[in-house]
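Here is the structure we will look at.
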Amino acid sequence: WQQVSSHMNKKVEQVTPNSTSEVLTQLAKHYCQGIHEVEEKPPYFDTKDGHLQQKPIVSRIDLYWLECLCSSNSFNVVIEYICGYSTVVRPCVMSDEVGSISLLQHYEVLMCRLIDYFNATVEFSKSASDSEQLWQQLRILSNDLIAVTSAPKVSFTPYIRSNIAIPTLRRLQHHLLKIFISEDDPHLTPLDSETLAGCVLSSLISSTDRLDPSVIAPMLTDEHQCSLKNICVVPPDTRVGTEISQFFTFQSIDWSSVSIDDSSWNDRIVGAQVRSAEIVWTDMAELLAKRQRKRDPEELVNLPGDKQMQHYVIQSLGMDTLSSAIRSMFFARNEEPFEPREKQTTSTYVMLGRTVTKTQTIEMEKPYRTTPSRAYVALVFCLYLSVEQEEDCMQLVSNLLPVFLELIDSPDNVFCCLGVSALRTLLNMTGKRKCWLGYEGHCIAALNSAFTTHRNGPTPTPTLILIGVVQSCLFGEIFQDAGQKRKQVTRQWLLQLRQLALGVSSGFSPWDVLVGGVIPLLFQHAKLPNADAIELGRLGLSAILPLLVSETTEKKALASLFVAMINLMAGAYPMMAHHRGKIMTHLLAATTKLKMSDDSEDCCVFALGRHTAGLGHVIVSSGGNKDAEGLLDTIERESDSYQVVLIEVAKEIREYAAELTHTLMKEGPTPCEGL
């Protein structure tokens, strides 16, 4: 400031808004030249290890312009200079002009010095109009932070994008937030929650989280959800070990092929971008703590948790405000200026000697496809979701559901998987509430369309499993009365399984189809009254039975087939007796094959197979039909014609069926009305 003060001693004409505009124009003209090189090093304000890395270099020409600006005692000069970002600096940066980053850096240095000067010499006195202009500039900065992450729009080098451009834009946010924090007037203008929500979203682009379905929806890897009692309508007793549950968990799935991170715009090695975001989070927390009086600013440093500032800011602003901002940001409705997603093109040509003019509507690329950070921010927000009141639920669903359904509808496998995972989290968060009324058709149609689109894709396994999990969640917890639609979806999954039984090759296995959709959906049918799955019985048998005896069926797929068979027999029990011969033949063959193995896992699956065959024996023998029992009798009676192991298995199944009948009669009514 000694340099500035020495210049101030000279006689300088007082600056007016017009002359401030002239300073900005000269600033842009000077630095938007190819001679100004931008060094690839962190900016001077980078706070690595809690300390500034370097002091800013203020050139002599910058000092002259600073002198011109500081010669006024009016805070209007600061407002005019700040607003110059949108009129002078922003057009250069967003159009990627030569020298635009150099201009941005020097513009920030002058803003910092200008605000420091007025802090030291003049008390801030802002009008309501001044505040509105500052909020407007904050909104523009937040939008620009999202925009510069997109490589096709702004072609900076990765280093400059991550460690210079984005941190410098955040530094400008910091200066503006500090102006609001420094106010002590009791008649303060109210906070603009929507603008602060935009600052939150622009900070979330630097969250450093790698997002995959297991991160967005942790309930997917919950072992409790995969226990037999939650997926099998007639679970076996303790003779089937608990280790059988390992065959139904999703922990072994490799989610890396359907994950997304911020590596294309965030250099985590240097880390300047992340540190700049931490400063803005702290500013927002301090401002909210000071204005809302919910917490002392000094207490913020003692907040528990790894992301205390983020959680505090998000909770203070509220889910309603932030979810609405997410929707606007995702669909690019908050751009300055707003650009429509469609444009009209006119073409003129000659046809049969006449000039014809034709107008066509061309749909632009989806905003989240051109700028992936829009999708990334919406998905990161899932990590902060919380709901306390019914009104919050309604706002969350109405704002976030269109975003997630748009991702589910994406032809990109990664976006589809992450959108399905986000929908699963939203379902888990909101539960059985009225807020889902009216959305049934949209959700079911979007998932059905995604199933059709991605079942033949390059990596269908994670996608199919996720779609099935969310479909079963919708029918099991939200849309329980959608009986006919549930049957249509179950038929779709059984047809896919039947294709595998017929030997049609694809990129997924029977296990994917079984644990993804067949088992959970048949489980729901089996728990409903009046044999709800009877229309699906024949299709189910034609899909499951061939795979039971196939030489290529893996161990975990065989265990899943047994559970699917139990649910199918329980849900369509009246027609099972008509297929008693092939049912018992296939179950007996599959179980006997397992009996001949000494492997411990095979023994565990054998116990489940014995339970399935025993239950099948009970169901097909119900109503006085003894044909199935005759099959077991024939094997035991004609022992010379059969292998010893087959005779032993038939005997075990008969004994197990007798015990099972006694147990079911003792326990009373079961989901299977025919037992």
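General remarks:
- Within the accessible surface of the chain, defined with a 1.4 Å probe on protein heavy atoms only, the carbon and sulfur portion equals 49 percent.
- Loop trypsin sites (Lys or Arg not before Pro), segment 368-467 (other Cβ atoms within 10 Å of the site Cβ: 16 or fewer; DSSP): Lys432, Arg433
- In this structure, the residue pairs whose Cα-Cα separation is over 23 Å, taken from Lys595/Lys651; Lys126/Lys290; Lys556/Lys595; Lys48/Lys178; Lys555/Lys593; Lys29/Lys126, are Lys29/Lys126.
- When each of the peptides 467-476, 526-535 is scored by how many other beta carbons lie within 10 Å of its residues on average, the order from highest to lowest is 467-476, 526-535.
- Shape of segment 55-190, Cα gyration tensor, a/c cut at 1.5: oblate
- Most tightly packed first, judged by the mean number of other beta-carbon atoms within 10 Å of their residues, the peptides 162-169, 496-503 read 162-169, 496-503.
- Charge dipole (Cα centre; +1 on Lys/Arg Cβ, -1 on Asp/Glu Cβ; no other charges) of the chain amounts to roughly 1280 debye.
- Rh by Kirkwood over Cα pairs, then Stokes-Einstein D for segment 475-537 at 1.306 mPa s and 10 °C, µm²/s: 129
- When the convex hull of its Cα atoms is viewed from all sides, segment 352-482 shows a mean projected area of 11.7 nm².
- Semi-axis lengths (Å, descending) of the ellipsoid that matches the C-alpha gyration tensor of segment 75-144: 23, 15, 8
- Seen from every direction in turn and averaged, the convex hull around the alpha carbons of segment 122-269 projects onto 15.5 nm².
- Projecting the alpha carbon convex hull of segment 59-98 along each direction and taking the average yields 3.4 nm².
- Its Cα gyration tensor gives segment 416-551 an equivalent ellipsoid. The semi-axes, each the square root of 5 times an eigenvalue, are 25, 19, 11 Å from largest down.
- Spatial separation of Cα centroids for segment 210-260 and segment 433-503, in angstrom: 18
- Correct choice for Rg/Rh (Cα atoms, Kirkwood Rh) that was computed from the model, options (1) 1.03; (2) 1.22; (3) 1.13: (3)
- Computed from backbone phi, the HN-Hα couplings of segment 657-662 come to 4, 5, 5, 5, 4, 4 Hz, rounded to whole numbers (Karplus: 6.51 cos²θ - 1.76 cosθ + 1.60, θ = phi - 60°; Gly and Pro given as x).
- Rolling a 1.4 Å probe over the heavy atoms of the protein chains gives the chain an accessible area of 44 Å² per residue.
- Paired Rg and Dmax values of segment 406-463, which use every Cα atom, in angstrom: 12.1, 38
- Protection proxy ranking of 30-39, 101-110, 173-182 - average other beta-carbon atoms within 10 Å, highest first: 101-110, 173-182, 30-39
- Computed extension gain for Thr552 through Ser214, at 0.36 nm per residue and net of the alpha carbon distance, reaches 118.8 nm.
- Viscosity 0.890 mPa s, temperature 25 °C, Stokes-Einstein D of segment 105-145 from Kirkwood C-alpha radius, µm²/s: 209
- Separation of segment 356-417 from segment 77-93 is 31 Å, based on Cα centroids.
The values are calculated or read from the model by the stated rules, or taken from the named source; none is laboratory data. Because the structure is predicted, anything quoted here is derived from the model rather than measured. Neighbour counts run over all protein chains shown; Cβ positions are idealised from the backbone, glycine included. Heavy atoms of the whole protein, side chains included, go into the accessibility calculation; ligands, DNA and RNA do not. Shrake-Rupley method; radii C 1.70, N 1.55, O 1.52, S 1.80 Å.
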